[in-house]
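Comments concern the structure below.
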Amino acid sequence: MTLFASYHPRFQRDAIACEAMLRDALRAAAADGQRWLRHLEDAEAADLLACDIPYFASTVGSTDVCAIHGQAAIGLTGDTGSWPRIEGMNARDLERQESLIRVAMQDPMKEAAAAAINVVQRAGAPSPEILIATAARIGDRICELAIEDGGRCTWLVPEIVNSRRLTTTVAGFDLYDGLSGIALFLAHLGAITGEARYGRIAEAATREALALCRKQAAGSAIVGAFQGIGSLCYALVHLAAVTGRQEPAAEASAIIRKFDKRAARTTDLDLITGLAGFIVATLVVARFNRDKGLVDNLRPAAERLYRLTTSPRRALPILKESETGLAHGRAGAALAFLRWAETTGEARFRTAGEDLLRKDFAIMEAARGDPSAKNAADHPADALGWCRGALGIAMAALGTRSPVTDLFDAAWFAGVAQDMARTCPSQSPSLMLGLAGTGYSLLREAAGHRVPSVLLLEDVPIG
């Protein structure tokens, strides 16, 4: 910006005025908490006057900085205030730094080889004790990775950028790969094992999630059931059930009321980030809190989703064949309609949900039988996945008290099972993409009656 300003005709006519402007700008930056810049002023001003961008070099272990056009090295004192923190670093800090480097060097475009695994038939299934012990080891690892500050905590999580590279960021508040999903797993783990540490970290993560949510602007927030407002509220009522504390459930109702008008206007309609997800999550909160007012407030949103997805004249992303599936396609809206019909008894929503499911299932089965039927660039996920695959559609069909059972039979499930023996390791602590999800699935296997399905956005267990 300083170099751009120097191109003003006033400064192009007067070299002295141009240099004065540049030095004033550099000194202002130095006075604004960056005092070390004053040592570089002469070299930086010379580069700028030559219409060049200032560039300096140094070496590892040295505080000397040298300008690239031959100016002498300038000795800086270094940031001495950082030394106590650096000297206090331990093996965990080293591990965190190594993890950041590994994430930065990964290439998402080059998929890790996921070789098929030969499933070994064992004499018997693992006992609940073994499953819980394995989940506890995962919980221990997540707690080790936590960054605690006062009564709150967070984690560093990998994030894909432009489908081409990975970077590391701080966890958000959502269920998918953020704080509320991690907290949900740790809370269930603490309740089952009796280990107080898991519950303490879960509460700290929840406090951080709520703090982040309070910063959301009501007019622009994401509202879905896995990413956004709905996801946090879904987790809060389950945390209330696990801990026996009503404060999280009350927070959930208050947050839903704050954002229900935003949800009714959002252009995102899917389950993950959009309106369908908000509807499903709100119904879970309303049932747990016995809050009929939430359902009444939700009606404009439900009617809008019904109108948009049943109109033949609309060309919506949620209705594209490339978005087929539970996460971003018709099946997500179908789940919202089936749950709404279950709550209100309105048959037209049930019919609309079944129609959407049948359409998505037919598209996906055609893709499974003929992979060339779908463009890989438009639809990179595999045809069996939860997100954009047949399994997610099947889960939506079975995920209500009155399931849609005529889409598939035992032979279909047997064929799907043969294609599923693949795995990829994960170092993310998150629920949908990492360690918390693995641990959560173990808890469901060991104590399914106490641990509801998050993939189906199940209600809080009663009794």
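Restricting region 221-253 to residues that are small (Gly, Ala, Ser) and without any contact (Cβ under 8 Å) to a residue 40 or more places away in the chain, the residue that is surrounded by the fewest Cβ atoms within 10 Å (Cβ to Cβ) is Gly244. Against the numbered list (1) modelled with pLDDT of 75 or more; (2) touching a helix residue (DSSP H, G or I) at 6+ places or on another chain (Cβ under 9 Å); (3) assigned to a helix (DSSP H, G or I), Pro54 comes up short only at (3). Inspect all residues belonging to region 339-361 and state whether any of them is surrounded by 15 or more Cβ atoms within 10 Å (Cβ to Cβ), outside any helix (DSSP H, G or I) and at positive phi. The answer is no, given that none of the residues of region 339-361 is surrounded by 15 or more Cβ atoms within 10 Å (Cβ to Cβ), outside any helix (DSSP H, G or I) and at positive phi. Against the numbered list (1) assigned to a helix (DSSP H, G or I); (2) within 25 Å of Phe173 (Cβ to Cβ); (3) touching a residue at least 12 places away in the same chain (Cβ under 8 Å), Ser322 comes up short only at (2).
Residues that are exposed (fewer than 15 other Cβ atoms within 10 Å of the Cβ), at negative phi and modelled with pLDDT of 95 or more are absent from region 365-388.
Taking the conditions exactly as written (β-branched (Val, Ile, Thr), within 13 Å of the chain's Cα centre (by Cα) and buried (at least 21 other Cβ atoms within 10 Å of the Cβ)), does Val170 satisfy them or not?
no
The values are calculated or read from the model by the stated rules, or taken from the named source; none is laboratory data. Keep in mind that this is a model prediction, so the values were computed, not measured. For neighbour counting, all protein chains shown are included, and Cβ atoms are generated from backbone atoms with ideal geometry for every residue, glycine included.
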